[in-house]
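First the structure, which I've put down as structure tokens, then a few questions once you've had a look.
The values are calculated or read from the model by the stated rules, or taken from the named source; none is laboratory data. These figures come from a predicted structure and were not determined experimentally. With ideal geometry, Cβ positions are generated from the backbone for all residues, glycine too; neighbour counts draw on all protein chains shown.
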Amino acid sequence: MNYSLKNIVVYAMLFCFYNTLQCFTTSAETIKVRNPTNGHYYQRFDQAMSWDEAVLFCKNQGANLVTITSEDENLFVLENFNPAHDGLANWCWLGATDRNQEGEWEWITGEKWNYTNWNGGEPSNATQFDPNGEDYVHIFAYSNGKWNDVHGSAIYPSSIDVNHVPICEWDETDEEVAYCSETGHYYSAIHIDEGINWNKAKELSENTSFIGLSGHLATITSQKENDCIYNSLGSELLAGYWLGGIQPEGSNEPNGNWQWVTNETWDFTNWGQGEPNNGVHAGINDEEALQFHPTSSPPYTWNDLEKTALMPGFVVEYETANDNNDCNILDDDDDGVIDQWDNCSNTPKGSIVNNKGCPVQGLYTEDQMDQMVNSILSWGDLNGDNRISLIEAIKALRISSGVTEPSLK
């Protein structure tokens, strides 16, 4: 029977390439979740990294690698951030170490070490994978939230290598911050006793942050977002508060060219009755800034007002810098890993890389596979029919391995 070696080789290579590539696929991070017991926020990031890298990573987010100081907190982390729930074989780092003194465990935040949840027989300080022992802690995905001491590398070797990933914890406990699932963003209402104009509100909002997220005047692009903000932060509180809408000078009045400060599309409005009207307020007939209507019924509608007016406060929206414009998710070297996570940012265009953007050895491009197949055909296809018969294949293998021609005796 004759076999098309080119097909076999191509299928085999594609299969190996596909399965290898899966090892480097990065799953989406979880959303930030607030723990009602302590008011802290938590988020898991599915990026494989060492313990030291995880500590630095969380610090760069304005957070700490998670520290678990009670049974309730351990259960909260397990229920909300267990990678197994997302079908991932990852284990999560905890912000604990005994590398300063063997057996003297401590949290990186300096919190008291008065709660543990070790798995049976742990900590063991085993030297199987590192002669220096095990100075760090991860939480098992499949063991009811039990802990294990481990060496500090990004990959835990086992029958199937397991990635170590961080859970970051923010200790901000601002009760005035609301989360809206419709957008995945957070919102707060900032009250200013002496009043504030729109320009100053914009400036202050853009200099605020919450759990590592950047702030700006709230931009409301749907009825669900409008309702969530108003219902979550309180209808009485928000009357007259500034929002992130502006009408540039020279626009057609009263409806022309309204814009969001984030450059999002202006395709949803919630004007109050008769608004916008570019009306006269305090002797000024130039209403070019957006606010929640101070007196409207029904509530939570909008009003235009001159931006120099002093209002009681403003609404801030917190989100990542890339949320407003997908074009800001940059991949300058076009290797499939966005620059924020790319540790090797100068790889040649189209490089095959791992989830840190660094070249991976042993994987081949389509052109390289074609070259190999053609090379195989050049010395294995003895009769030039673009197929290698079983006899030709055996002969090619014999020649390449140095086995002599068998005797016919």
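Taking A309 as the residue in question, decide whether it is modelled with pLDDT of 70 or more and either over 28 Å from the mean Cα position of the chain (by Cα) or of a type in the set (G, A, S) (or both).
Yes: the conditions hold for A309.
Checking the condition among the small types (G, A, S), at pLDDT 90 or above and either under 28 Å from S209 (Cβ atoms) or not in a helix (DSSP H, G or I) (or both), which residue from G95, G62, G39 passes?
G95
Kindly list, by first and then second residue, each pair from a residue in the stretch 252-281 that is within 17 Å of K307 (Cβ to Cβ) to a residue that is of a type in the set (A, V, I, L, M), limited to pairs with Cβ atoms under 7 Å and residues at least 6 apart or on different chains.
Matching pairs, first to second residue: Q259/I246; V261/L217; V261/I246; H281/L305; H281/A309.
Return the residues of the stretch 200-251 that are under 23 Å from the mean Cα position of the chain (by Cα) and without any contact (Cβ under 8 Å) to a residue 40 or more places away in the chain; say none if nothing qualifies.
Hits for the stretch 200-251 are E206, N207.
Of E253, E249, E225, which residue is surrounded by fewer than 22 Cβ atoms within 10 Å (Cβ to Cβ) and not in a loop (DSSP other than H, G, I, E, B)?
E225
Residues checked against (1) buried (at least 20 other Cβ atoms within 10 Å of the Cβ); (2) assigned to a strand (DSSP E or B); (3) among the aromatic types (F, W, Y):
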| residue | (1), (2), (3) |
| --- | --- |
| S214 | no, yes, no |
| T221 | no, no, no |
| S232 | no, no, no |
| G245 | yes, yes, no |
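Also: Looking at this structure, is E264 farther than 30 Å from Q43 by Cα and assigned to a loop (DSSP other than H, G, I, E, B)?
no
Okay, residues lined up against (1) among the hydrophobic types (A, V, I, L, M, F, W, C); (2) surrounded by 19 or more Cβ atoms within 10 Å (Cβ to Cβ); (3) in contact (Cβ under 8 Å) with a residue 40 or more places away in the chain:
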| position | (1), (2), (3) |
| --- | --- |
| L65 | yes, yes, yes |
| S70 | no, no, yes |
| N82 | no, yes, yes |
| G95 | no, yes, yes |
| N119 | no, no, no |
| D130 | no, no, no |
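Scan (1) farther than 28 Å from A48 by Cβ; (2) modelled with pLDDT under 95 for the single condition L290 breaks and write down its number.
L290 satisfies every listed condition except (2).
Still on this structure, please answer the following. Is it the case that some residue within the stretch 85-96 is over 11 Å from V165 (Cβ atoms), touching a Ser or Thr at 6+ places or on another chain (Cβ under 8 Å) and hydrophobic (A, V, I, L, M, F, W, C)?
yes
Say we look at the stretch 231-275 and pick out the residues that are among the small types (G, A, S) and on the phi > 0 side of the Ramachandran plot; which of these is modelled with the lowest pLDDT?
Within the stretch 231-275, the match that is modelled with the lowest pLDDT is G234.
I've got another one for you. Identify, from the list W51, W91, W105, the residue that is free of Cβ contacts under 8 Å to residues at least 40 places away in the same chain and not assigned by TED's automatic domain parsing to the domain that holds N343.
On inspection, the qualifying residue turns out to be W105.
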